[in-house]
Amino acid sequence: MTRRSKDDMEKTNGKSEPLLLPEKESNDVSEEEASWMVYLSTFIAVCGSYEFGTCVGYSAPTQFGIMEELSLSYSQFSVFGSILNVGAVIGAITSGKISDYIGRKGAMRLSSVISAIGWLIIYFAKGDVSLDFGRFLTGYGCGTLSFVVPVFIAEISPRKLRGALATLNQLFLVIGLASMFLIGAVVNWRTLALTGVAPCVILFCGTWFIPESPRWLEMVGRHRDFEIALQKLRGPHANITREAEDIKEYLATLAHLPKATLWDLIDKKNIRFVTVGVGLMFFQQFVGINGVIFYAQQIFVSAGASPTLGSILYSIEQVVLTALGATLLIDRLGRRPLLLASAVGMLIGCLLIGTSFLLKAHGLAVDIIPALAVSGVLVYIGSFSIGMGAIPWVIMSEIFPINIKGTAGGLVTVVNWLSSWLVSFTFNFLMLWSPHGAFYVYGGVCVLAIVFIAKLVPETKGRTLEEIQAMMM
């Protein structure tokens, strides 16, 4: 047993042996073998991602039902739709501090309770005030979950599985989004709100049966719990000695540093982490994903297809390509190749959609305009799904040292939600200015994203979190 292990044992209880196998057994069982507990813990966590997706997808299929029953105007419903972002920004601002203070599981439990209360308020709503308050609470839950779920998954996963497991965050998000369109087609808006409570219940109850993030436990000085949690996640016969020592040594070096503030994020030793995290979240939104999704129904109408069917089709496309693309390929091909392929594909999609509007404005090649527009939407959304949708969240969860993860992670999550709101707010103005110009602008942002990824984003495949952070420093 190493000197560090003995010291930690004495500090914790002085009696029980830590759950570390002797070094001589290290060849018997892989040090980073994943036990069934890793998969269970990931499944419980991504129920939060599913909840996130249901919140985002709820307003589209319920618009006319809510407006008719509660006699809301278009402006009142617009407030209902957009106040989710307000709650999410506040949730994102507080998410890092909350998850550092009460733990990753504690943050998920708190978010699930707040979201469930929000859904119930929506279900019982009699007017726009209660409706908006319920929506605000679900937004707050979304903002917190959008940070803590990928961080928790990254901190519990073996390095060889971390990418695939982390992309389940985006996969369950789009499954939740698609479920709102599918279920919303057959039930009323109040019943649909109740379906949003189900993942909250699973998340809240499930967190009592899974271990806390070992890295968080060690960070707050719960050394014995750290070893127990890591052993559960790697399996009862796994040798966790080396992984445990690496984590302890890395956190010990960080323990001497002062608590991170926003000013510390622009320090020269942290600026690259922050630049990569903020940049990826900025480009994830400013490539125009919300604009494409918002206009997708009108594009399908122009092609003679049902807008509802079109929405269901591209939602299913997102699910399938996120599952087959990012989840299966991220730990084989790596993060950077998928991000680059995704950005190039979105550039092509923007050019196809923009060209369809340009031809329509000049009355040229009228017969091919619908096919050009629809293919552009499908290429764009498919490309987004294999890279830019999931991987920025994966990289965000990997690159930040744990002493700044709460502050930096909160910052990049706020940037993501503010960027999402800004793109949604400016889209109609861009379309009024020039429909084809709007998508060419988004195409230009895709070009900038390609340059940014190629020059600044590191490849994190196959490395431990500690190795990634050492490499970037």
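For segment 117-135, the criterion of being within 22 Å of residue 405 (Cα to Cα), within 21 Å of the chain's Cα centre (by Cα), assigned to a helix (DSSP H, G or I) and not hydroxyl-bearing (Ser, Thr, Tyr) is met by none of the residues. Scanning segment 444-473 for residues that are of a type in the set (Asp, Glu) and open to solvent by 30 Å² or more (accessible area, probe 1.4 Å) gives 459, 467. Has segment 219-236 got any residue that is farther than 30 Å from residue 404 by Cα, surrounded by fewer than 23 Cβ atoms within 10 Å (Cβ to Cβ) and more than 20 Å from the chain's Cα centre (by Cα)? Yes, there is a match, as at least one residue in segment 219-236 is farther than 30 Å from residue 404 by Cα, surrounded by fewer than 23 Cβ atoms within 10 Å (Cβ to Cβ) and more than 20 Å from the chain's Cα centre (by Cα). Residue 211 falls short on exactly one of the conditions (1) part of a helix (DSSP H, G or I); (2) modelled with pLDDT of 90 or more; (3) open to solvent by less than 30 Å² (accessible area, probe 1.4 Å), and that condition is (1). Note on segment 174-204: residues that are free of Cβ contacts under 8 Å to residues at least 24 places away in the same chain and either outside any helix (DSSP H, G or I) or within 20 Å of the chain's Cα centre (by Cα) (or both) total 3. As a summary of the residue check, residue 165 satisfies the conditions (1) part of a helix (DSSP H, G or I); (2) open to solvent by 20 Å² or more (accessible area, probe 1.4 Å); (3) not polar (S, T, N, Q) except for the one numbered (2). When restricted to residues that are more than 20 Å from the chain's Cα centre (by Cα) and either modelled with pLDDT of 90 or more or closer than 30 Å to residue 218 by Cα (or both), segment 72-102 contains 2. For segment 94-116, the set of residues classified as of a type in the set (A, V, I, L, M) and buried (at least 18 other Cβ atoms within 10 Å of the Cβ) consists of 98, 107, 108, 110, 114, 116, listed by residue number. Hey, can you tell me all the residues within segment 326-342 that are open to solvent by 10 Å² or more (accessible area, probe 1.4 Å) and either charged (D, E, K, R) or modelled with pLDDT under 85 (or both)? Selection gives 327, 328, 329, 331, 332, 333, 336.
Note on segment 43-70: residues that are under 13 Å from residue 152 (Cβ atoms) and crowded, with 24+ Cβ neighbours inside 10 Å amount to 5. Of the residues 316, 293, 299, the single one that is modelled with pLDDT of 70 or more and closer than 20 Å to residue 440 by Cα is 293.
Answer with yes or no whether residue 392 is under 19 Å from the mean Cα position of the chain (by Cα), within 30 Å of residue 247 (Cβ to Cβ) and surrounded by 24 or more Cβ atoms within 10 Å (Cβ to Cβ). The answer is yes for residue 392.
The values are calculated or read from the model by the stated rules, or taken from the named source; none is laboratory data. Everything numeric in this text was worked out from a predicted model, so none of it was measured. Positions of Cβ are backbone-derived with ideal geometry, glycine not excepted, and every protein chain shown enters the neighbour counts. In case anyone asks, the SASA skips ligands and DNA or RNA and just uses the protein heavy atoms, side chains included. Shrake-Rupley method; radii C 1.70, N 1.55, O 1.52, S 1.80 Å.
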